[in-house]
Amino acid sequence: ALHGGVYPAGGTFFVFFDYMKPPIRLAALSKAKCLFVFSHDSVGVGEDGPTHQPIEHLAALRAIPDLQVIRPGDANETAQAIRAAYEFEGPTVVVLSRQNLPVVTDGSAVAAGAGIVHAVDGAPDAVIVATGSEVHLAVAAAQELGLAGHKVQAVSLPSWDRFRAYRQANPDLAERILPRNVPTVSVEAGTTFGWERFADVCIGIDRFGASSQGSEVLDRLGITIASIKNSVLGLIARR
């Protein structure tokens, strides 16, 4: 990457970021233009259990300076993540799921780091913000809450660092995507560490995982539409 002329890329399971930390850190320090792709990014891995289920790894990646980190929510966001990686003058990490995901976005959230994936008329009563494999859950919860008469905006936030830069350059536009004065619930199948900067209530996994089918582990650890809806309704009731 430092020599130039090629665009190096590599991939492995996300839990093996533990072994990849030194080269990723050096790539960021050196501004080496390369791509690290990680799959199997949550307890959705399933039967391999806690040793292979990343919990704290996204938080660790986001703490590395000058590293672009993108966790796409579906195929469209993944395509745009690869484009953003190639255009970025430095290293990028793209974090992907094991399980199949429905396509619920147009991919445009990657450019700004965040984007509305379920809009409402007028000011929202609440916002659900999610990344990766939890985006479709956020959309489904917002839709169901809408049927119950609540205006809930769903937001995909595939890249904290891109959205931070976008918010600095376009504060008014960023405020429409992720308003600071509206009750917000975050959803991510990993540690909630750091999410307090975006949300009032954080749904995540602040423990090691478990060995079972991925869908069952996600359900048992509260990464569900029902959990999201209950958290949103609790916030709305507090207003």
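Any chance you could tell me what percent of the C-alpha pair distances in the chain go past 31 Å?
19 percent
Where the only charges are on Cβ atoms (+1 Lys, Arg; -1 Asp, Glu), what is the dipole of the stretch 32-148 about its Cα centre, to the nearest 20 debye? If you can, show how the numbers build up before the last one.
Values: 5 positive and 14 negative charges, 57 e Å.
In debye, rounded to 20, the stretch 32-148 gives about 280.
Tell me the volume per residue, in Å³, of the convex hull enclosing the alpha carbons of the stretch 137-239.
Numbers: hull volume 11.3 nm³, N = 103.
It comes to 110 Å³ per residue, whole-number rounded.
Given the peptides 26-33, 170-177, arrange them by the average over their residues of other C-beta atoms within 10 Å, most packed first.
Numbers: 26-33: 16.6, 170-177: 13.2.
The densest-packed peptide leads the list: 26-33, 170-177.
Take the alpha carbon atoms of the stretch 179-239, find their radius of gyration, then divide it by 2.2 N^0.38 Å using N residues; give the quotient. Kindly include the intermediate steps, with their values, before the conclusion.
On the way: Rg = 12.6 Å, N = 61, 2.2 N^0.38 = 10.5 Å.
Expressed relative to 2.2 N^0.38 Å, the Cα Rg reads 1.20.
At 1.4 Å probe radius, can you tell me the per residue accessible area of the stretch 46-107 in Å²? Mind showing how you got there, number by number?
Values: 2690 Å² over 62 residues.
Value for the stretch 46-107: 43 Å² per residue.
Keeping all protein chains in the complex and leaving out DNA, RNA and ligands, what accessible area do you get for R62 with a 1.4 Å probe, in Å² to the nearest 10?
50 Å²
When the distances between all Cα atoms of the stretch 1-96 are binned every 5 Å from zero, what whole-number percent does each bin get?
3, 14, 25, 25, 19, 10, 4, 1, 0
Over the stretch 76-180, what number does the Rg to Rh ratio reach, with both radii from the alpha-carbon atoms and Rh per Kirkwood?
0.98
Calculated from DSSP H runs of 4 or more alone, at -39500 (n - 2.57) each and per residue, what is the 222 nm mean residue ellipticity of the chain, nearest 500? Spell out each step's value before the answer.
Numbers: 9 runs with 88 residues, N = 239.
Taking each H run of at least 4 residues, the total per residue is -10500 deg cm²/dmol.
Using Cα atoms only, what is the angle between the long axis of helix 135-147 and the major principal axis of the chain, expressed in degrees (0 to 90) to the nearest 10?
For 135-147 against the chain, the angle is about 10 degrees.
I'd like the distance between the alpha-carbon centres of the stretch 1-61 and the stretch 168-190, rounded to an integer number of Å.
26 Å
How big is the dipole moment of the stretch 108-239 about its Cα centre under a simple scheme where the beta carbon of each Lys and Arg is +1, that of each Asp and Glu is -1, and everything else is neutral? Debye, nearest 20, please. Please report the intermediate quantities before stating the final value.
Values: 12 positive and 13 negative charges, 50 e Å.
In debye, rounded to 20, the stretch 108-239 gives about 240.
When the convex hull of the C-alpha atoms of the stretch 84-127 is computed, what volume per residue in Å³ does it have?
Details: hull volume 5.8 nm³, N = 44.
Once divided by residue count, the hull of the stretch 84-127 is 133 Å³.
Tell me the relative contact order for the stretch 89-205 as a rounded percent, counting alpha carbon contacts under 8 Å between residues six or more apart.
Values: 199 pairs, mean separation 31.2, N = 117.
The value is 27 percent.
Can you compute the charge dipole magnitude of the chain about its Cα centre, using +1 on each Lys and Arg Cβ and -1 on each Asp and Glu Cβ, nothing else charged? Give it in debye, rounded to the nearest 20.
Values: 20 positive and 24 negative charges, 100 e Å.
It comes to approximately 480 debye.
Could you work out how far helix 225-238 tilts from the main Cα principal axis of the chain, as a 0 to 90 degree angle to the nearest 10?
60 degrees
With point charges of +1 on the Cβ of Lys and Arg and -1 on the Cβ of Asp and Glu, referenced to the Cα centre of the chain, which listed residue (L145, G214, G107) lies farthest in the positive direction of the dipole?
G107
Using a 1.4 angstrom probe on heavy atoms only, work out the carbon and sulfur share of the accessible area of the chain in %.
Carbon and sulfur atoms account for 54 percent of the accessible area of the chain.
In the full protein assembly as shown, how much of V37 is accessible to a 1.4 Å probe, in Å² to the nearest 10?
40 Å²
The values are calculated or read from the model by the stated rules, or taken from the named source; none is laboratory data. Quantities reported herein were computed from a predicted structural model and do not represent experimental measurements. Please note: Cβ atoms are built from the backbone with ideal geometry, for glycine as well, and neighbour counts cover all protein chains shown. Ligands, DNA and RNA are excluded from the accessible area calculation, which covers all protein heavy atoms including side chains. Shrake-Rupley method; radii C 1.70, N 1.55, O 1.52, S 1.80 Å.
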